[in-house]
Every structure is written in structure tokens, then in C-alpha cells.
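**Student:** One structure, as C-alpha cells, below. Some questions next.
Nothing in this text is a laboratory measurement; each read-out follows from the coordinates by a stated rule. Bear in mind the structure is a predicted one, so any value in this text is a computation, not a measurement. So basically every Cβ, Gly included, is an ideal-geometry build from the backbone, and we count neighbours across all protein chains shown.
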Amino acid sequence: MEESQNLHRRGVMFILSSPSGTGKTTIARRLLAEDGEIAMSVSVTTRPPRPGEVNGVDYYFVDQPEFARMVEAGELVEWAKVFGNNYGTPKAQIKAGLKEGRDFLFDIDWQGTQQLYQRMETDVVRVFLLPPSIEELEGRLRGRGTDSDDVIAGRMARARNEISHWDGYDYVVVNDDIDACFTKVKTILDAERMRRARQTGLVDFTRNLMVGGA
């Protein structure tokens with residue numbers, strides 16, 4: 001029985017996308033805290049480090065020429081410019097990790113999701129979180145008390161654009177209750193890990209079952 005529980009499998013690239021204020025960060029942090037088999041994908045960025053951020057842990061911080069070199073050399077599996085800074089996913093570490101059975105969590109927008117899916121289709125699981133209503137989303141943003149009306153208006157316009165891409169995802173979950181939403185997201189992850197195509201150890205295991213005792 002113990003052997004069957006430790007069959008080797010290929011890892012998952014688990015993407016969470018949502019408009020700002022939908023609860024994605026809360027869900028992602030809880031997933032990382034409660035599930036020891038998944039780790040946050042560490043991106044390369046041209047954004048300057050913020051206080052307390054550690055190179056190689058939070059991001060790989062590079063300058064613009066180095067980022068451009070990585071793009072040209074095909075070292076990034078996806079990349080995009082967000083609010084004037086470039087962000088990308090290193091290809092080598094992801095491919096090696098997936099082969100070892102490691103799962104990676106991605107907090108990226110629809111553009112990055114599209115790029116990942118085009119290049120790593122069978123390894124990607126796409127989950128989009130929606131707010132219960134546009135009014136509720138605006139209320140959450142205003143409730144933070146950190147942004148001006150102009151900033152909130154910009155975030156709402158961006159949110160509507162992001163929501164329009166919901167049909168590019170495998171799963172869509174409405175976050176009207178954070179605990180219920182987390183349970184649904186965790187259930188999706190667990191089910192995707194069990195897909196037959198990812199259970200690379202099944203071939204040898206079932207072969208042994210068929211010849212056992214013969």
C-alpha cells in the first residue's frame with residue numbers, strides 16, 4: 001500500500017489569476033502554507049527590490065539589458081510588462097522541477113497564462129477567480145483605504161478587461177466566501193495531480209501488478 005501512495009508523477013504548473021481585490025493573494029498564501037508539495041514560482045523582474053525582499057527568494061532581480069538577453073536566448077517560458085516593469089518565468093528551473101514531480105504556483109495575469117499554456121500546455125492548470133459582483137469588487141478596493149479615486153478607477157477598468165478573458169481558463173471559481181473558495185481551489189489542485197497522464201509511475205506499477213504471482 002505504501003508503494004502505491006508514492007508513485008512518481010509529473011509536477012503541475014498551477015495558475016491563479018484574478019482581478020485585484022478578488023482574494024487571489026489570500027488563497028495563494030493559504031495554499032502555500034497548507035500544502036507542502038507546492039511552491040511559488042520565482043520570477044525574474046526588472047523591478048527594483050522592495051524593503052525586505054531577497055534575491056532568489058522573492059524574485060530574481062536583473063537589469064533591463066540582462067532581461068532582454070534572457071528573452072532573446074529563450075530562457076524565459078513567459079514574460080510580460082506590468083506597470084512599466086518586466087516579469088518572466090525562468091524555463092530551466094521549471095522544466096527540471098516538473099520532471100522531479102514538483103508543483104509550482106503562478107500568480108500571473110491572462111497574458112502570462114496564455115503564453116504558459118501555449119508553450120507548456122499539458123503541464124498547465126488554469127484557475128480564474130471572480131468576485132461575486134463588480135460592486136463588491138469596488139467595495140473591497142475602497143475598503144483598503146490605500147488608493148485614490150483615480151487609482152481605483154484604473155484598477156476597475158483593468159478588472160473588467162481581465163474578467164473578459166475568463167473563458168481562457170480551465171476552471172472558474174466565484175469567491176463569495178474565502179473558505180469555500182479555498183476548498184474548491186485545493187480540490188482542483190488535488191484532482192489535477194491525480195490525472196493519469198501525470199502519474200508517470202503507473203506504467204511500471206501496473207505492469208508489476210499484472211505479472212505478480214504469475
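**Student:** Go ahead and estimate [θ] at 222 nm for the chain from helices alone: -39,500 (n - 2.57) per DSSP H run with n ≥ 4, summed, over the residue count, rounded to 500.
**Tutor:** -13000 deg cm²/dmol
**Student:** Give the Kirkwood hydrodynamic radius (Å, one decimal) of the stretch 148-214, defined as one over the mean of 1/r across all pairs of different Cα atoms.
**Tutor:** When all Cα pairs of the stretch 148-214 are included, the Kirkwood radius is 16.2 Å.
**Student:** At q = 0.18, 0.22, 0.28 Å⁻¹, what is the log10 ratio I(q)/I(0) for the stretch 93-153, with the Debye formula run over Cα points and no solvent?
**Tutor:** These q points yield log10 I(q)/I(0) values of -0.78, -0.91, -1.21.
**Student:** Here's a follow-up. Where Lys and Arg each count +1 and Asp and Glu each count -1, what net charge lies around V203 among other residues with Cβ under 13 Å from its Cβ?
**Tutor:** So the surrounding residues net to +4.
**Student:** Next question, about the same structure. Mind checking the log10 I(q)/I(0) for the chain at q = 0.12, 0.15 Å⁻¹? Debye, one equal scatterer per Cα, no solvent, two decimals.
**Tutor:** The Debye formula, applied to the Cα set alone, gives -0.71, -1.06.
**Student:** Go through 63-75, 88-100, 152-164, 10-22 and give me the packing order, highest mean Cβ count within 10 Å leading.
**Tutor:** Those peptides, ordered most packed to least, come out 10-22, 88-100, 152-164, 63-75.
**Student:** Measure off 7 Å from each Cα along the Cα-to-Cβ vector at M210 and I178, then give the distance between these two points in nanometres to one decimal.
**Tutor:** Label at M210, label at I178, 5.0 nm between them.
**Student:** For all pairs of alpha-carbon atoms in the stretch 48-171, what percent lies in each bin of width 5 Å, listed from the first bin to the last filled one?
**Tutor:** For the stretch 48-171, the pair-distance distribution reads 2, 8, 16, 17, 18, 17, 13, 7, 2, 0.
**Student:** Amide H neighbours of A39 under 5 Å, at least 5 residues apart or on other chains, H built in the peptide plane: list them.
**Tutor:** Excluding prolines and chain starts, which carry no amide H, the hits are D103, F104, L105.
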